[in-house]
Amino acid sequence: MLNGSGDKYKVGILGGTFDPVHNAHLAIVDEARLQLELDEVVFVPAGQPWMKSDRVITAAEHRVAMLRLAIADKYGFRLSTMEIDRPGPSYTVDTLKKLSNEFVELAELFFIIGWDSLPYLPRWKEPEHIIELCHLVALPRPGYSLPDLDALDKKVPGLLRRIIILERPQIDISATEIRERVAKGLDISKLVPQAVAEYIREKGLYRG
């Protein structure tokens, strides 16, 4: 599959609980799309994130609905519910395998993660296979430094050849902060898209 310029089709992938989706998610994707010249970005909300098994996650129907609202007017953005539709814990490698099959390996996959997630990569399911299936695109998170990539490469051989480090954007918004603000009755209009703020209010989400 080739894009309009004759190059391989470039697909960005952003996974997460999106509980809720917020403006930092959108800014991260916009920046990655600009810098890497991505043709498409796929948002993949997690079903049962194995690394967050200690926290109650908002029902998938609400997280999906908020994502749909957030990207409704964004060209080249699409939503995939593959992890929600798939039973059991959500693993990145399984998602990448499915996407790779979907594009019949005619596209380059770029998996977007934060600097804060990189140190945990060796603990992910089949990390060596992950970096075979995609380029890792690591973006900064306020309060987190870039980890030692050489040390990570020793744990996940080949990582240095498959990772792309971006230096921006640095936007200090977290879903935890948003949930806490809603629970306290505080304004979130500058933290999430307007349609998402309205949905949260209408459905009574995060009120305690």
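The values are calculated or read from the model by the stated rules, or taken from the named source; none is laboratory data. Remember, predicted model here, so these are calculated numbers, not experimental data. Positions of Cβ are generated from backbone atoms using ideal geometry, with glycine treated the same way; all protein chains shown enter the neighbour counts.
Would you confirm whether or not the range 123-144 contains a residue that is surrounded by fewer than 18 Cβ atoms within 10 Å (Cβ to Cβ), more than 16 Å from Y9 (Cα to Cα) and either in contact with a strand residue (DSSP E or B) (Cβ under 6 Å, 6 or more places away or on another chain) or hydroxyl-bearing (S, T, Y) (or both)?
The answer is yes; a qualifying residue exists.
Which one of A183, A195 is in contact with a helix residue (DSSP H, G or I) (Cβ under 6 Å, 6 or more places away or on another chain), at pLDDT 95 or above and of a type in the set (G, A, S)?
A195
Condition test on A46, is it free of Cβ contacts under 8 Å to residues at least 60 places away in the same chain, within 13 Å of A175 (Cβ to Cβ) and crowded, with 17+ Cβ neighbours inside 10 Å? Full working, then the answer.
On the way: free of Cβ contacts under 8 Å to residues at least 60 places away in the same chain: yes; within 13 Å of A175 (Cβ to Cβ): yes; crowded, with 17+ Cβ neighbours inside 10 Å: yes.
Here the answer is yes, as A46 does meet what is asked.
State all residues of the range 176-198 that are in contact with a Leu (Cβ under 6 Å, 6 or more places away or on another chain) and surrounded by 19 or more Cβ atoms within 10 Å (Cβ to Cβ); if no residue qualifies, say none.
I178, V196 - these are the residues of the range 176-198 that are in contact with a Leu (Cβ under 6 Å, 6 or more places away or on another chain) and surrounded by 19 or more Cβ atoms within 10 Å (Cβ to Cβ).
Sort through L67, L26 and tell me the only one that's aliphatic (A, V, I, L, M), crowded, with 18+ Cβ neighbours inside 10 Å, in contact with a Phe, Trp or Tyr (Cβ under 8 Å, 6 or more places away or on another chain) and closer than 14 Å to A175 by Cα.
Only one candidate qualifies: L67.
Report, ordered by the first and then the second residue, all pairs with beta carbons closer than 8 Å, sequence separation of six or more or different chains, a first member in the range 177-202 that is touching a residue at least 60 places away in the same chain (Cβ under 8 Å) and under 14 Å from N23 (Cα atoms), and a second member that is of a type in the set (A, V, I, L, M) and in a loop (DSSP other than H, G, I, E, B).
Correct list of pairs: I178/I188; I178/L191; I178/V192; L191/I173; V192/V21; P193/V21; A195/A72; V196/V21.
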